[in-house]
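First up is the structure itself, then whatever we jot down about it.
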Amino acid sequence: MSYLGEDVISALHEARQAAGLSQRALSGKAGLSQSHISQIESGMLEPGLSKLIQIARALDLELMLVPRKMVPAIKNITASSGPERESPTFALKEIERAERILKKQLALHGTSVSLDRAFEALRFFRHAPVTPADVKAISDGADHLKHNRDSRYSAQILHSLAYEWMLRRNRLAHGVSEEPRPAYASDEDDDA
């Protein structure tokens with residue numbers, strides 16, 4: 001039997017297996033019978049909304065509606081697409097150090113658009129599947145700012161740093177390349 005929610009059911013099945021739970025263990029946590037879980041996972045029974053929520057919450061997941069245009073970004077954030085991706089905890093120490101340096105910059109020079117963008121990028125990095133290259137960019141940028149925070153160039157350094165971090169943030173969130181694309185492009189094949 002095929003139904004519209006089979007992608008969701010498949011995701012719940014994979015989450016159950018990843019959590020190392022048997023159908024019986026999940027049924028106990030969700031308050032449903034094991035046969036009910038089995039029928040749902042096999043596609044023999046389409047779950048109602050309340051049962052779907054019970055199963056998801058038993059797996060420490062939350063069902064929510066998101067705008068369709070945000071789905072690629074959410075999939076990119078939640079996907080673990082290979083060994084080059086690391087857990088955000090891998091980078092937490094460097095992110096926190098960079099935040100401390102930015103707070104000192106705020107105390108010295110006050111707020112700015114660049115400072116706000118740098119903080120925004122760091123907040124995102126806390127929950128994103130960052131790469132070792134991302135962590136190095138965070139660390140190097142924070143070091144550069146720290147060593148030049150009292151100089152007359154600190155505003156320029158902060159601007160460049162915020163720009164680089166936001167490019168990385170956008171790449172992680174939306175899968176965009178690190179190179180900015182032109183606002184307009186000529187299309188030789190378009191003679192209209």
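See the values below:
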| item | result |
| --- | --- |
| FRET efficiency, 1/(1 + (r/R0)^6) with R0 30 Å, evaluated for Lys75 and Ser139 via beta carbons | 0.60 |
| Which listed pairs, of Lys104/Lys146; Lys75/Lys136; Lys51/Lys75; Lys103/Lys146, have C-alpha distances above 18 Å, in listed order | Lys75/Lys136; Lys51/Lys75 |
| Share of pairwise Cα separations in the stretch 6-58, more than 19 Å, in percent | 9 |
| Net charge contributed by nearby residues that have their C-beta within less than 15 Å of Leu12 (K/R +1, D/E -1) | -3 |
| Viscosity 1.002 mPa s, temperature 20 °C, Stokes-Einstein D of the stretch 88-174 from Kirkwood C-alpha radius, µm²/s | 170 |
| Segment Arg57-Val8, extension gain: residue separation times 0.36 nm, minus the distance between their alpha carbons | 16.3 nm |
| Potential extension, Leu65-Ser112 segment - 0.36 nm per residue separation minus Cα distance | 13.5 nm |
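Here, each number is a calculation from the coordinates, and none is a lab measurement. Owing to the predicted nature of the structure, the values given are computational and were not obtained by experimental measurement. Neighbour counts are summed over all protein chains in view; Cβ atoms, including those assigned to glycine, are modelled from backbone coordinates with ideal geometry.
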